[in-house]
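Structure first, commentary second.
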Amino acid sequence: MNSLPKYIDTAATTPVDKRVFDAMYPYFSEIFGNPSSNHDFGLKAKQSIEIARKQVSELINCNKDEIIFTSGATESINFVLKGYLESNFEKGNHIITVKTEHKVVLATCEYLETKGVEVTYLDVDNYGLISINDFKEAIRNDTFLICIMYVNNETGIIQPVKEIGSIAKANNIPFFCDATQAVGKIKVDVLENNIDLLCFSGHKLNAPKGVGILYKNKNIELTPLFHGGGQENGLRSGTYNTPLIVGIGKACEIAINELEENRDIIENKSEFLVQEIKKIKGSIIIGNKKFRVPNIIDIMIPGLDSNIFISKTKNFALSNGSACTSQIIESSHVLKAMGFSDEECNQSIRISIDKEITKSQILELIETIKAELKNTNNA
């Protein structure tokens, strides 16, 4: 039986931590009550949900009553962008975001533009960072929401979130931040960074797929996407998915306890990987180390067709800077916004690691890339 390839695509998704799985397991068969029921089965399930709510709130430093459980970041982003507009249309008609945001933000903003909303899409520099001066100049009297992600999912670039939050607060404009690639990897503090709304998905945090978080400052008004039984204080109706909620709570608890230790381990292995990549002639590490999370390393290697390499390599599971939709390969909108050409985008590989990767596996990856380059040059 063939062994599975080494998984180095954790920015796409992560395996469920065994401790998370163990915490969830009883809620599938033993503690199965509907949390909205008033009998003991329901009350016990409801109590577990409130414990999870507190675990999540402690990870990002907010009040537990400001946590809303969703199905993931995609739902949370749609909820905020559409729900805030509907509840606050009298405050303005202008959103500020960035050209390198996740596709769900860009697609939702494009939809809102069909409804008359004006959107400013900020440019980024060659490192993937916005200009604070451009950001300040984009603010208008009718700007009613700022939507800028914490860490980019393709490049790992960290935007100047604290500065963005301070400027947003000074202008009395709510700041919404997609922190899916930041939470559990680096310290995230909504109070310190003046973040009014924040979201992330469980499956990027060693929790299960299908559960996510929306933090909403108590002073922010949102119109719900879902109406019905009035769960989550009327903001997200639908029967609670207790096992998954317990899972994301446990994952947040683990992240709090192990954040610094894991960061140090990953930084060490990331630095080793970067040094080995630099030995490949012409290779480029995208983004400045100072402004990048250590677990995501986006590289560009001249002469390498990343689509072919990724599809044929049997030793590693990784991704690249291109998105394949209906068999049409499109260059990464993130890398294009950073000034890279279509050809360069097709030479990019995103390596996203966790603490489990070994230095011997890193060396094997480098040799695999070198072998592919040699085969290409000899073809």
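I'm checking my understanding of the structure. Among residues of the stretch 268-302 that are open to solvent by less than 10 Å² (accessible area, probe 1.4 Å) and within 15 Å of GLU154 (Cβ to Cβ), which one is farthest from the chain's Cα centre (by Cα)? Residue satisfying both the conditions and the ranking: MET300. Any idea which of (1) at pLDDT 95 or above; (2) part of a loop (DSSP other than H, G, I, E, B) is the one SER166 doesn't satisfy? So the condition that SER166 fails would be (2). Answer with yes or no whether ALA182 is among the small types (Gly, Ala, Ser), under 14 Å from the mean Cα position of the chain (by Cα) and surrounded by 23 or more Cβ atoms within 10 Å (Cβ to Cβ). Criteria met by ALA182.
Consider THR120 carefully, then state whether it is among the β-branched types (Val, Ile, Thr) and surrounded by fewer than 17 Cβ atoms within 10 Å (Cβ to Cβ). No.
For the stretch 26-57, what are the residues that are in a helix (DSSP H, G or I) and of a type in the set (A, V, I, L, M)?
Taking the stretch 26-57 and keeping what is in a helix (DSSP H, G or I), we get 26-29, 40-57.
Hits for the stretch 26-57 are LEU43, ALA45, ILE49, ILE51, ALA52, VAL56.
In this structure, is PHE176 assigned to a strand (DSSP E or B) and within 30 Å of ILE248 (Cα to Cα)?
Here the answer is yes, as PHE176 does meet what is asked.
The requirement of being on the phi < 0 side of the Ramachandran plot and part of a loop (DSSP other than H, G, I, E, B) is not satisfied by ASP264. Summed over the stretch 211-258, residues that are polar (S, T, N, Q) and at positive phi total 1.
Restricting attention to the stretch 272-310, and to residues there that are assigned to a loop (DSSP other than H, G, I, E, B) and among the hydrophobic types (A, V, I, L, M, F, W, C), which single residue is farthest from ASP354 (Cα to Cα)? The qualifying residue farthest from ASP354 (Cα to Cα) is LEU304.
Restricting attention to the stretch 316-325, and to residues there that are at pLDDT below 90 and either outside any strand (DSSP E or B) or within 18 Å of GLU364 (Cα to Cα) (or both), which single residue is most open to solvent (accessible area, probe 1.4 Å)?
To start, the set of residues in the stretch 316-325 that are at pLDDT below 90 comprises 320-325.
Now restrict to residues that are either outside any strand (DSSP E or B) or within 18 Å of GLU364 (Cα to Cα) (or both): 321-322.
Values: GLY321: 3, SER322: 22 Å².
Only one residue fits best here, namely SER322.
Would you mind finding the one in LEU145, LEU129 that is surrounded by 17 or more Cβ atoms within 10 Å (Cβ to Cβ), in contact with a helix residue (DSSP H, G or I) (Cβ under 8 Å, 6 or more places away or on another chain) and not in a loop (DSSP other than H, G, I, E, B)?
Values: LEU129 fails: not in a loop (DSSP other than H, G, I, E, B).
It is LEU145.
Residues considered: PHE135, PHE176. Of these, the only one that is under 19 Å from the mean Cα position of the chain (by Cα), open to solvent by less than 10 Å² (accessible area, probe 1.4 Å), within 22 Å of ASN93 (Cα to Cα) and of a type in the set (Phe, Trp, Tyr) is PHE176. Scanning the stretch 226-265 for residues that are touching a Lys or Arg at 6+ places or on another chain (Cβ under 8 Å) and open to solvent by 70 Å² or more (accessible area, probe 1.4 Å), we see that the one that is modelled with the highest pLDDT is ARG263. Of the listed requirements (1) of a type in the set (Asp, Glu); (2) at pLDDT 95 or above; (3) within 23 Å of ILE213 (Cα to Cα); (4) out of contact with any Asp or Glu (no Cβ under 8 Å at 6 or more places or on another chain), GLU137 misses just one: (3). Scan the stretch 163-172 and give yes if some residue there is open to solvent by less than 10 Å² (accessible area, probe 1.4 Å), in contact (Cβ under 8 Å) with a residue 24 or more places away in the chain and either of a type in the set (Phe, Trp, Tyr) or under 25 Å from GLN347 (Cβ atoms) (or both), otherwise no. Checking the stretch 163-172: not a single residue is open to solvent by less than 10 Å² (accessible area, probe 1.4 Å), in contact (Cβ under 8 Å) with a residue 24 or more places away in the chain and either of a type in the set (Phe, Trp, Tyr) or under 25 Å from GLN347 (Cβ atoms) (or both). Of all the listed residues (ASP22, ASP65), the sole one being open to solvent by 30 Å² or more (accessible area, probe 1.4 Å), modelled with pLDDT of 95 or more and within 22 Å of PHE226 (Cα to Cα) is ASP65.
Which residue is farthest from ILE248 (Cα to Cα), if the candidates are limited to the stretch 185-200 and must be part of a strand (DSSP E or B) and open to solvent by less than 10 Å² (accessible area, probe 1.4 Å)?
Just the residues of the stretch 185-200 that are part of a strand (DSSP E or B), to begin with: 186, 197-200.
Next cut, open to solvent by less than 10 Å² (accessible area, probe 1.4 Å) only: 197-200.
Numbers: LEU197: 18, LEU198: 16, CYS199: 13, PHE200: 10 Å.
This residue is LEU197.
Can you spot a residue in the stretch 74-96 that is within 30 Å of HIS333 (Cβ to Cβ), touching a His at 6+ places or on another chain (Cβ under 8 Å), surrounded by 16 or more Cβ atoms within 10 Å (Cβ to Cβ) and at pLDDT 95 or above? Taking every residue of the stretch 74-96 in turn, at least one turns out to be within 30 Å of HIS333 (Cβ to Cβ), touching a His at 6+ places or on another chain (Cβ under 8 Å), surrounded by 16 or more Cβ atoms within 10 Å (Cβ to Cβ) and at pLDDT 95 or above.
In the stretch 69-77, the count of residues that are part of a strand (DSSP E or B) and either within 24 Å of the chain's Cα centre (by Cα) or among the hydrophobic types (A, V, I, L, M, F, W, C) (or both) is one or more.
The values are calculated or read from the model by the stated rules, or taken from the named source; none is laboratory data. Keep in mind the model is a prediction, meaning the values are calculated, not measured. Don't worry about glycine lacking a Cβ; one is built from the backbone with ideal geometry, like all the others, and counts go over all protein chains shown. Quick note on the areas: whole protein, heavy atoms, side chains included, nothing else; ligands and nucleic acids left out. Shrake-Rupley method; radii C 1.70, N 1.55, O 1.52, S 1.80 Å.
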